[in-house]
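Student: Before we start, here is the structure in question, set down as structure tokens.
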Amino acid sequence: MTADFTIRNATVIDGSGSPGFLADVSIEGDRISTVGDGQPAQVEIDAEGLVLTPGFIDTHSHDDGAFIRYPGMEFKLAQGVTTDISGNCGFSAAPNVPGEQPASGGALRFPGPWRDLAEYFAECEARRPAINNMMLAGHNTIRGWVMGNEQREPDAAEMAKMRAFVEQAMEQGACGFSTGLIYEPGRYSQTAEVVELASIAGRHGGLYATHMRNEGDQLFDAVEETLEIGKQAGCPVHISHHKAAGRKNWGRCAESLERVDRAVADGQDVTLDVYPYVAGSGPMHQYFDLDDINLELAEAIRIASCPDHREWEGRMLTDIAADEGIALDEAVRRAITGPKGAETICIQFTMDEQDVETNLRHPRVMIGSDGIPNLNGSPHPRLFGTFPRVLGHYVRERGVTTLEDAVRRMTSLPAERFGVPARGLVREGLIADLVLFDPASIRDLATWDDPRREPEGITAVFVSGQLAYDQGKHTGAGAGKMLRYRTG
Ligand code: CU
Ligand code: ZN
């Protein structure tokens with residue numbers, strides 16, 4: 001039978017972690033039809049010297065709103081990402097109250113007309129997105145709708161409402177429950193509240209994904225809390241963007257990973273993700289207490305996006321303060337207290353290169369961009385560069401792991417972890433989400449000063465059997481799906 005596509009003579013790295021092998025891969029409809037001898041096809045692609053892998057899964061996305069605003073998802077597709085896990089750090093597009101402002105969320109807010117996950121998915125599908133999306137139910141979002149920014153424990157009625165929101169999201173296909181315990185309003189919750197809500201995800205077979213309560217001086221306490229939540233809630237745990245922030249904590253990722261290894265040896269199911277950069281990024285007002293401004297952090301800050309001071313975008317806060325002739329703490333204040341101060345996004349250079357590599361070597365660590373799809377200003381380059389940066393810089397140049405292992409942790413491992421249906425391996429019968437790239441030249445081009453450059457070395461990306469990205473061009477295929485946990 002004639003296939004739609006046959007990719008000939010590719011080195012297939014199938015996502016399982018086993019060594020690459022030479023084969024032809026054919027695609028019929030949305031499925032991989034053969035792996036081995038290729039079928040005659042409408043379109044034949046000569047892939048000699050190139051590597052064919054499953055499409056990459058970005059385990060840590062904030063693309064809930066991007067699927068509405070930028071359905072072409074160019075910044076992800078050009079990296080070889082075919083599936084996003086969104087709703088991270090406790091912020092998710094659903095549930096939602098149309099027409100109302102949430103109490104918190106700032107730059108991670110996703111306004112829209114939908115009420116629940118099913119309606120949100122329908123809105124996304126109507127826009128024919130280029131890649132797939134799976135969703136977590138976000139604690140900050142849920143708590144914000146139920147009890148605003150209240151700095152207290154929920155009463156019984158509020159708890160019941162929050163439980164119902166998590167339950168509904170899980171029934172509608174969410175893959176788990178996420179927290180961002182460093183952010184408002186999640187930071188006002190006690191461990192028991194999180195356990196109760198995470199256990200609902202657990203009962204549905206989903207996971208608990210967390211931006212932990214602390215990623216700096218109290219990192220180890222935060223890891224203990226996370227493990228305890230997983231144990232009490234009876235669900236698998238996923239630590240988001242594992243890091244040790246702040247100079248005096250540099251190097252501590254190794255010890256934190258040892259703690260995870262001990263938990264795994266004791267029978268607990270724990271995984272993590274990391275982005276391949278020494279800087280983080282997020283809503284700046286969430287990181288500062290105006291009564292006690294952390295100057296060490298302020299020194300490490302670069303402004304990504306600042307609606308009140310567009311001229312500050314792309315500049316270090318120390319340089320801004322010097323130019324304006326103001327003290328550094330005053331610069332912090334001006335960046336986050338203006339009329340649109342809650343929308344300011346910063347980049348903070350708080351991490352150690354060694355910790356990044358330690359993370360990238362660990363077999364349970366996946367790749368999550370944590371990209372914030374605000375294309376104004378000067379965003380963190382991870383939005384455009386994460387996956388090629390791992391494969392080019394960290395695998396090819398630094399040798400932190402093999403190509404096969406890196407691909408496994410971008411494909412089959414997250415597919416299994418997040419319940420991404422029928423994807424994550426190059427196997428006959430699975431959905432044809434595939435990436436074809438040149439292992440000798442793949443690399444990220446997005447930099448701090450030029451953050452929106454698409455990577456090079458990626459030849460083609462298929463989503464559901466359609467050619468979505470072809471030699472540097474977005475085809476506009478729009479074959480992405482809103483995926484329900486484990487079912488499709
Ligand atoms: Cu995040
Ligand atoms: Zn986070």
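The values are calculated or read from the model by the stated rules, or taken from the named source; none is laboratory data. Everything numeric here is computed off the predicted structure, so don't read it as measured data. Reconstructed Cβ throughout: ideal geometry from the backbone, glycine too, with neighbour counts over all protein chains shown. We work out accessible area using only protein heavy atoms, side chains counted, and drop any ligands, DNA or RNA first. Shrake-Rupley method; radii C 1.70, N 1.55, O 1.52, S 1.80 Å.
Student: Residue under question is A47, and the condition is that it be over 30 Å from M135 (Cβ atoms) and under 30 Å from the mean Cα position of the chain (by Cα); does it hold?
Tutor: On the way: over 30 Å from M135 (Cβ atoms): yes; under 30 Å from the mean Cα position of the chain (by Cα): yes.
Yes.
Student: It is to be established whether one or more residues within the stretch 93-106 are in a helix (DSSP H, G or I) and within 16 Å of ligand 2 (Cβ to nearest atom). Give the derivation first.
Tutor: If we filter the stretch 93-106 for residues that are in a helix (DSSP H, G or I), which is where we start, we get 106.
So of that shortlist, the ones also within 16 Å of ligand 2 (Cβ to nearest atom) come out as 106.
Within the stretch 93-106, one or more residues are in a helix (DSSP H, G or I) and within 16 Å of ligand 2 (Cβ to nearest atom).
Student: Please verify whether D352 is at pLDDT 95 or above, surrounded by fewer than 23 Cβ atoms within 10 Å (Cβ to Cβ) and assigned by TED's automatic domain parsing to the domain that holds D84, treating the condition exactly as stated. Walk me through how you get there before you give the answer.
Tutor: Working: at pLDDT 95 or above: yes; surrounded by fewer than 23 Cβ atoms within 10 Å (Cβ to Cβ): yes; assigned by TED's automatic domain parsing to the domain that holds D84: yes.
Against the criterion (at pLDDT 95 or above, surrounded by fewer than 23 Cβ atoms within 10 Å (Cβ to Cβ) and assigned by TED's automatic domain parsing to the domain that holds D84), D352 qualifies.
Residue by residue, here is whether (1) within 18 Å of the chain's Cα centre (by Cα); (2) over 19 Å from G216 (Cα atoms); (3) surrounded by fewer than 21 Cβ atoms within 10 Å (Cβ to Cβ) holds:
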{"position": "A279", "(1), (2), (3)": "yes, no, yes"}
{"position": "G282", "(1), (2), (3)": "yes, no, no"}
{"position": "I293", "(1), (2), (3)": "no, no, yes"}
{"position": "R310", "(1), (2), (3)": "no, yes, yes"}
{"position": "L375", "(1), (2), (3)": "yes, yes, yes"}
{"position": "L383", "(1), (2), (3)": "yes, yes, no"}
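Student: For the stretch 135-163, which positions are over 24 Å from R484 (Cβ atoms) and open to solvent by 40 Å² or more (accessible area, probe 1.4 Å)?
Tutor: Result: N149, E150, Q151, R152, E153, D155, A156, A157, A160.
Student: Now for a different question. Would you check if there is a residue in the stretch 181-194 being surrounded by fewer than 19 Cβ atoms within 10 Å (Cβ to Cβ), more than 16 Å from ligand 2 (Cβ to nearest atom), of a type in the set (D, E, K, R) and at pLDDT 95 or above?
Tutor: The initial filter retains those residues of the stretch 181-194 that are surrounded by fewer than 19 Cβ atoms within 10 Å (Cβ to Cβ), namely 187-188, 190-192.
Right, trim to more than 16 Å from ligand 2 (Cβ to nearest atom) and you get 188, 190-192.
Of the ones still in play, those that are also of a type in the set (D, E, K, R) are none.
Checked the stretch 181-194: no residue is surrounded by fewer than 19 Cβ atoms within 10 Å (Cβ to Cβ), more than 16 Å from ligand 2 (Cβ to nearest atom), of a type in the set (D, E, K, R) and at pLDDT 95 or above.
Student: Could you identify the single residue in G234, G205 that is in contact (Cβ under 8 Å) with a residue 40 or more places away in the chain and surrounded by fewer than 18 Cβ atoms within 10 Å (Cβ to Cβ)? I'd like the intermediate steps shown before the answer.
Tutor: Details: G234 fails: in contact (Cβ under 8 Å) with a residue 40 or more places away in the chain.
Result: G205 is the single residue among G234, G205 that is in contact (Cβ under 8 Å) with a residue 40 or more places away in the chain and surrounded by fewer than 18 Cβ atoms within 10 Å (Cβ to Cβ).
Student: If you check A78 against the conditions, is it more than 25 Å from E456 (Cβ to Cβ) and hydrophobic (A, V, I, L, M, F, W, C)?
Tutor: For A78, the condition - more than 25 Å from E456 (Cβ to Cβ) and hydrophobic (A, V, I, L, M, F, W, C) - is not met.
Student: Scan the stretch 121-134 and tell me whether some residue there is open to solvent by 60 Å² or more (accessible area, probe 1.4 Å), assigned by TED's automatic domain parsing to the domain that holds A174 and without any contact (Cβ under 8 Å) to a residue 60 or more places away in the chain. Step through it out loud before you land on a result.
Tutor: Of all residues in the stretch 121-134, those open to solvent by 60 Å² or more (accessible area, probe 1.4 Å) come to 125-128.
After this cut, where a residue has to be assigned by TED's automatic domain parsing to the domain that holds A174 as well, the list is 125-128.
Those still in the list that are without any contact (Cβ under 8 Å) to a residue 60 or more places away in the chain too: 126.
Yes, the stretch 121-134 contains a residue that is open to solvent by 60 Å² or more (accessible area, probe 1.4 Å), assigned by TED's automatic domain parsing to the domain that holds A174 and without any contact (Cβ under 8 Å) to a residue 60 or more places away in the chain.
Student: Right, another one. For the stretch 258-276, give me the residue count where each residue is assigned to a helix (DSSP H, G or I) and surrounded by fewer than 22 Cβ atoms within 10 Å (Cβ to Cβ).
Tutor: 7
Student: List the number of the failed condition for H211; all other conditions in (1) within 16 Å of ligand 2 (Cβ to nearest atom); (2) open to solvent by 30 Å² or more (accessible area, probe 1.4 Å); (3) not aromatic (F, W, Y) hold.
Tutor: It fails just one condition, (2).
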